[in-house]
Amino acid sequence: MTRCSAIVAVWVSILGTGVLTAQSVNSDGVGDGAIRGFLAVHLSADGDAEILDALNADRLFVPASVLKLMTVAATLEHLGPEYRWHTRLQSEQRIVDGVLGGNLIILPGGDPTWSSTIYGAGADEPLRGLVEQLAAAGLTRISGDLVVAAGRFPGRVHPNDRSLGDLPYRFGTPPAGLALDDATMTVRVAPGEEVGYPAEVRVPDGVAVINQTTTTDRTRHGRGTLDFLPVWGTETLLLRGEYPISEAPFVVAASDPSPDLRVAQRLREALADAGVRIDGTVRRVVSGQLPGGEVLAEFRSDTLELLLPRVLARSHNWYADMLALTLGLEVSGSGRFGDGVAVVSDFVSEVAAAEGLERAVFLRDGSGLSAANLVTPAAVVQVLRYILIQAWRDILVDALARPGTGTLGAWPRLPPIAAKTGTLRHTVALAGIIDPASQTPILFCYFVNHHPGQVPAARREIAEAVRRWRATTLQ
């Protein structure tokens, strides 16, 4: 891995002393209990850098979704922007007179693109592509089962510390080796016909519901709570809590408890529509040696590059964690989510260490949703500096949010920037490039942790610093 040249000697010497300025802290924020860290560096045309402002730049902070910037950079570094995911159908036996003896095996590739956000026809497009290849091979019957080789992505697929309040919903859905619609399913809920009745719940076909809800009276209006708890690895969703009878029905995108089986069932239906009969059942294999055999069909996704605006400008957690899962398969070779996160961590550590920055990162996921993730502002700025000398720099920078767009849409007035936002409970962050079209841009990272106030106050503080840094270089 080629690393960039040293910034300037002052970089390490200043960060090492801990004697840093605090020019950018808004006086309204002083004494509010928050912990701040930031670094702003002005690049010169000859590649040198001047530190404009810094505070706690070598201290570890919770990065929130700023982490996605590093996950994407690590993925581009290892896989390149033209990387495509592969999902294969294979069998240990050949098709004879239209009959496949034994099982048809789905070999997942961790493809996150099987949804209407990527393909106009949604998940039907990749499914149709696979079925058409089987039909072209003359297949009319499968004598065995339709089997998902789930063992290609073994182990836990989310951090141990990810909140149970996050996991059941779209923003916290765990990654999956095989999934439709971002590994979520549509759940419709309404109050029961009378007080004391369970809430009415509608889920996709094949999903079992354990309904432990109760319809309550109007005095609970606005105070009722429902919990959605997927029973992972099964096709079961547990609902509990109360639903006031006076409240309207609603629809939620809940995490699919068994996304790979959902894909397999949809594939079976698509095969039936094409006149291909499966004598056996749909099942998954989670252990043992992965099956070999002849590849009968393969679907190749669109390129990684097309996914990046959704990860960076829109800050889609599931896509970012799917990149980590992919790194676990393609780089680590294990298919384990945690090993993919380690690839991202190693990338950041190596980039930071090239400039003498130590103890720069500790990661638990690829999206930044875990509050246990930690990184220093200096490491983030160094990753930004590394990005700018790569062949894929424009692909990543173009995928970042601009003022008034993506996750920057709700931010205060900002100068021209390309940046990644980060927001968690008690964390607000921003990192990116000021004047990204300039030959002498400013690279910056600003973290506010343990912030007890409102998010807009922290955003105003950071935006004010960004404006000040730019004004300094224009003088």
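The values are calculated or read from the model by the stated rules, or taken from the named source; none is laboratory data. For clarity, every value in this text was computed on a predicted model and none was experimentally measured. Cβ: placed from backbone, ideal geometry, glycine included. Neighbour counts: every protein chain shown.
The lone criterion from (1) in a loop (DSSP other than H, G, I, E, B); (2) in contact with a Lys or Arg (Cβ under 8 Å, 6 or more places away or on another chain); (3) exposed (fewer than 14 other Cβ atoms within 10 Å of the Cβ) left unmet by GLY222 is number (2).
Residues in the range 150-172 that are hydrophobic (A, V, I, L, M, F, W, C) and either modelled with pLDDT under 85 or more than 17 Å from GLU235 (Cα to Cα) (or both): PHE153, VAL157, LEU164, LEU167, PHE171.
Of the residues making up the range 235-267, those that are outside any loop (DSSP other than H, G, I, E, B) and charged (D, E, K, R) are ARG240, GLU242, ASP260, ARG262, ARG266. Among the residues making up the range 297-314, a single one is under 28 Å from VAL131 (Cα atoms) and of a type in the set (Lys, Arg): ARG300.
For beta carbons closer than 9 Å, sequence separation of 6+ or different chains, a first residue in the range 242-261 that is over 28 Å from GLY109 (Cβ atoms) and a second that is aromatic (Phe, Trp, Tyr) and surrounded by fewer than 21 Cβ atoms within 10 Å (Cβ to Cβ), the qualifying pairs are ILE245/TYR197; VAL252/TYR169; VAL252/PHE228.
Yes or no: the range 151-169 includes at least one residue that is surrounded by fewer than 22 Cβ atoms within 10 Å (Cβ to Cβ), assigned to a helix (DSSP H, G or I) and not assigned by TED's automatic domain parsing to the domain that holds SER370. Looking through the range 151-169, at least one residue is surrounded by fewer than 22 Cβ atoms within 10 Å (Cβ to Cβ), assigned to a helix (DSSP H, G or I) and not assigned by TED's automatic domain parsing to the domain that holds SER370. Scanning the range 173-196 for residues that are more than 27 Å from the chain's Cα centre (by Cα), among the acidic types (Asp, Glu) and either surrounded by fewer than 20 Cβ atoms within 10 Å (Cβ to Cβ) or at pLDDT below 95 (or both) turns up at least one hit. Answer yes if at least one residue in the range 327-339 is without any contact (Cβ under 8 Å) to a residue 60 or more places away in the chain and either part of a loop (DSSP other than H, G, I, E, B) or hydroxyl-bearing (Ser, Thr, Tyr) (or both), and no otherwise. Yes, some residue in the range 327-339 is without any contact (Cβ under 8 Å) to a residue 60 or more places away in the chain and either part of a loop (DSSP other than H, G, I, E, B) or hydroxyl-bearing (Ser, Thr, Tyr) (or both). Would you check if ALA297 is part of a strand (DSSP E or B), small (Gly, Ala, Ser) and farther than 24 Å from THR184 by Cβ? Judged against the criteria, ALA297 is a match.
Which pairs turn up if I take residues in the range 43-69 that are farther than 23 Å from ILE389 by Cα and in a loop (DSSP other than H, G, I, E, B) and look for partners that are at pLDDT 95 or above and among the charged types (D, E, K, R) with beta carbon separation below 8 Å, at least 6 apart in sequence or on another chain? Sorted first by the residue in the range 43-69, then by its partner, the pairs are ASN56/ARG36. Output yes when any residue across the range 338-354 is touching a helix residue (DSSP H, G or I) at 6+ places or on another chain (Cβ under 7 Å), surrounded by 21 or more Cβ atoms within 10 Å (Cβ to Cβ) and at pLDDT below 95, and no when none is. Within the range 338-354, not a single residue is touching a helix residue (DSSP H, G or I) at 6+ places or on another chain (Cβ under 7 Å), surrounded by 21 or more Cβ atoms within 10 Å (Cβ to Cβ) and at pLDDT below 95. The residues of the range 413-435 that are farther than 30 Å from GLY165 by Cα and either touching an Asp or Glu at 6+ places or on another chain (Cβ under 9 Å) or among the charged types (D, E, K, R) (or both), listed by number, are ARG413, PRO415, PRO416, ILE417, ALA418, ASP435. Scanning the range 24-48 for residues that are within 26 Å of VAL361 (Cβ to Cβ) and modelled with pLDDT under 90 yields SER24, VAL25, GLY29, GLY33, GLY47, ASP48. Summed over the range 116-161, residues that are out of contact with any Phe, Trp or Tyr (no Cβ under 6 Å at 6 or more places or on another chain) and more than 29 Å from ALA371 (Cα to Cα) total 28.
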